[in-house]
Amino acid sequence: MTPLVLVLCLSQAPLSTPPAPIPGEGPPEAVSPGPEPTEVKLFAQFVDRHLLAVGASGTGMEVRQRERVFRIQDDDFETAFTLVPEALALARVAHDDFVLASRLQIVGLSVVSAALVATVVATLVRTLILPLLVASLIGSGIGLVLSLVALPFALSAQTKFFSAIGTYNHGLLELRPPANPLGGGLTLALP
C-alpha cells in the first residue's frame, strides 16, 4: 500500500523545476497613463448623463437616467430613448404592448369578478340558479381567454423593454457628443 501512495504522489509532482529568477531583473515597470484628453472627459460626462439603468419597483419596470425615472406605463417613457432611433422604436413597441396587455388583463379580471358575483348571487336566489351559473361559467371562460391573450403582449413588452435599453446603451457609446464649449465664446455649427 505504501508504494502505491508513493507512486501517486510522485506522479502528481511536476517533471521540471521552474527557472530561478535572474538577479537584478524584476517585474516589468507599470506605465503610468498620461493625462486624459479633454474629448475623453467630455465624452465620459456625456455618457454619464445619458446612460440608462434598469430599475424595478412595486410600480413596474422602469429605467433611470441620472435622477429621472421613466416607467414603462407612463406616456413619456419613450423620451428616455430619443438619442438612438432604433432604441426609440423598440421602446414605443414595448410601451404599446405593455398598455395593451394591462388593459386586456384588467378587462379579463373584471369579467371573472363579475362571474364570481353571479355565482354568489346564484346561491342566494334559488329561482335563477341555472341561468346565473351558466352566465358565470361563460364569464369565467371569457375572462380567462382575455387574460391568456394578454400574456404574449406582456412577454413582448418585457423583451422589447430590455432590448430597447441594451440597444440604447450600446448606441449611446457609438454616438459623438454635441459640441460643448468649455468656457464662454461663440460656437457656430458648420454645415
Is at least one residue of region 89-110 farther than 26 Å from Gly143 by Cβ, modelled with pLDDT of 90 or more and either in contact with a Cys (Cβ under 7 Å, 6 or more places away or on another chain) or buried (at least 19 other Cβ atoms within 10 Å of the Cβ) (or both)?
yes
Within region 56-73, how many residues are of a type outside the set (A, V, I, L, M) and modelled with pLDDT under 80?
4
Need the failing condition index for Ala122 against (1) open to solvent by 30 Å² or more (accessible area, probe 1.4 Å); (2) assigned to a helix (DSSP H, G or I); (3) without any contact (Cβ under 8 Å) to a residue 40 or more places away in the chain, just the number.
(1)
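Which one is surrounded by the most Cβ atoms within 10 Å (Cβ to Cβ) among residues in region 142-158 that are touching a residue at least 60 places away in the same chain (Cβ under 8 Å) and over 8 Å from the mean Cα position of the chain (by Cα)? Quick ask: steps written out before the conclusion?
Quick first cut of region 142-158, residues touching a residue at least 60 places away in the same chain (Cβ under 8 Å) only: 156-158.
Imposing the further condition that a residue be over 8 Å from the mean Cα position of the chain (by Cα) reduces the set to 156-157.
Details: Ser156: 17, Ala157: 23.
Result: Ala157.
Yes/no per residue for (1) among the aliphatic types (A, V, I, L, M); (2) more than 24 Å from Val54 (Cβ to Cβ):
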position: Glu67; (1), (2): no, no
position: Val84; (1), (2): yes, no
position: Arg92; (1), (2): no, no
position: Val121; (1), (2): yes, yes
position: Val125; (1), (2): yes, yes
Long-range neighbours under 6 Å by Cβ, at least six apart or interchain, first residue basic (Lys, Arg) within region 68-94, second modelled with pLDDT of 85 or more
Arg71/Glu62; Arg92/Glu78
Say whether the condition of being basic (Lys, Arg), assigned to a helix (DSSP H, G or I) and closer than 15 Å to Asn169 by Cα is met by at least one residue in region 47-55.
yes
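The values are calculated or read from the model by the stated rules, or taken from the named source; none is laboratory data. Just so you know, these numbers come straight off a predicted model, no measurement behind them. Cβ coordinates were reconstructed from backbone atoms using ideal geometry, including for glycine residues, and neighbour counts include every protein chain displayed. Just the protein is used for accessible areas: all its heavy atoms, side chains included, with ligands, DNA and RNA removed. Shrake-Rupley method; radii C 1.70, N 1.55, O 1.52, S 1.80 Å.
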